[in-house]
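The values are calculated or read from the model by the stated rules, or taken from the named source; none is laboratory data. Here the structure is a predicted model, which means the values were calculated and not measured. All Cβ positions, even for glycine, are placed from backbone atoms using ideal geometry, and neighbour counts span all protein chains on display. What goes into the accessible areas is simple: the full protein's heavy atoms, side chains included, and nothing from ligands, DNA or RNA. Shrake-Rupley method; radii C 1.70, N 1.55, O 1.52, S 1.80 Å.
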Amino acid sequence: DGGITQSPKYLFRKEGQNVTLSCEQNLNHDAMYWYRQDPGQGLRLIYYSQIVNDFQKGDIAEGYSVSREKKESFPLTVTSAQKNPTAFYLCASSLTKLQYQPQHFGDGTRLSIL
Amino acid sequence: ILNVEQSPQSLHVQEGDSTNFTCSFPSSNFYALHWYRWETAKSPEALFVMTLNGDEKKKGRISATLNTKEGYSYLYIKGSQPEDSATYLCAFGGGGNKLTFGTGTQLKVEL
């Protein structure tokens, strides 16, 4: 079955540590996205990529980095510069960058601070 | 930052009741309005994408309408069932390459 796989499901970060969240899709989608969810807030866009080797900052990119070396993969690194990383992270993809394309989501990764 | 609001924040209904929620969004620079259903412990699932003023979409007992001139969309569920319990998200596309999500309406359908 086609879909999006995020791993791990739960992740713990120590102070000063960088951690990487994995997102893989086998839908052959061009566009991929990373969102963050905090209690009482809507999904907020961290980074997005319209095509391989290209990505743009979303609304809350500070303290995060991404890469898009393969069409299927869009890993998110939470750096030590992100002072409040505890949140639920969702990865999504769509066929193209066009806004009338529905987005398909993974199951999410919950990141906590030790 | 665009303002996308959903109401009510949460809703409890009895099995068989019909219900509806609202999504309000900016009435300018409209490109698309998305609805997603997010069940606990699962991933959000796309229900509808609407692009034209006056659009109506239907999927089983769930339907949605769109008014881009006044900036709102309604989601209706007819004859709610326990399996409809979920958080319903709307997302506004105002041009550019990203969606702005509302905070969701959490629906609980009780037997």
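Some points to look at:
- Rounded accessible area per residue of chain B, 1.4 Å, Å²: 50
- Label-point separation in nm, B:SER7 to B:GLU70, each point 7 Å along Cα→Cβ: 1.3
- Kirkwood-type radius of chain A, with distances r between different C-alpha atoms, in Å: 14.0
- Under 12 Å, Cβ to Cβ, from A:PRO85 - net charge with Lys/Arg +1 and Asp/Glu -1: +2
- Surface per residue (accessible, 1.4 Å probe) for segment A:18-97, Å²: 43
- For segment B:68-73, Karplus couplings with θ = phi - 60° (6.51, -1.76, 1.60), whole Hz, Gly/Pro x: 7, 5, 9, x, 8, 9
- With the alpha-carbon atoms of the protein assembly as shown aligned to their principal axes, the span from lowest to highest coordinate is 50, 37, 35 Å, starting with the largest.
- Averaged over peptide B:36-44, the number of partner chain Cβ atoms lying within 10 Å of each residue's Cβ comes to 4.
- Surface share of carbon and sulfur [accessible, 1.4 angstrom probe, percent] for chain B: 44
- Take the accessible area of chain A alone and of chain B alone, subtract that of the pair, and you get about 1800 Å² summed over both chains, using a 1.4 Å probe.
- Delta accessible area of at least 30 Å² on complex formation, residues of segment A:98-114, 1.4 Å probe, chain isolated as reference: A:GLN99, A:TYR100, A:PRO102, A:GLN103, A:PHE105, A:ASP107
- Taking each residue as 0.36 nm, the span from B:GLU45 to B:GLU15 lengthens on full extension beyond its C-alpha to C-alpha distance by 8.6 nm.
- Furthest towards positive pole of dipole, B:PHE21, B:ALA64, B:ASN53, structure part chain B, Cβ charges: B:ASN53
- Table column - 3J(HN,Hα) (Hz), segment A:17-23, Karplus curve with 6.51, -1.76, 1.60, x for Gly and Pro: 9, 8, 9, 10, 9, 9, 9
- Shielding by partners - mean other protein chain Cβ count within 10 Å, residues of B:83-95: 1
- At the listed q of 0.27, 0.30 Å⁻¹, the Debye profile of segment B:65-111, built from one uniform point per Cα, gives log10 I(q)/I(0) equal to -1.07, -1.16.
- Binned Cα-Cα distances of chain B, short to long, each 10 Å bin given as a whole percent: 16, 49, 29, 6, 0
- Inter-chain Cβ neighbour count for A:90-97, averaged per residue, equals 2 (cutoff 10 Å, partner chain atoms only).
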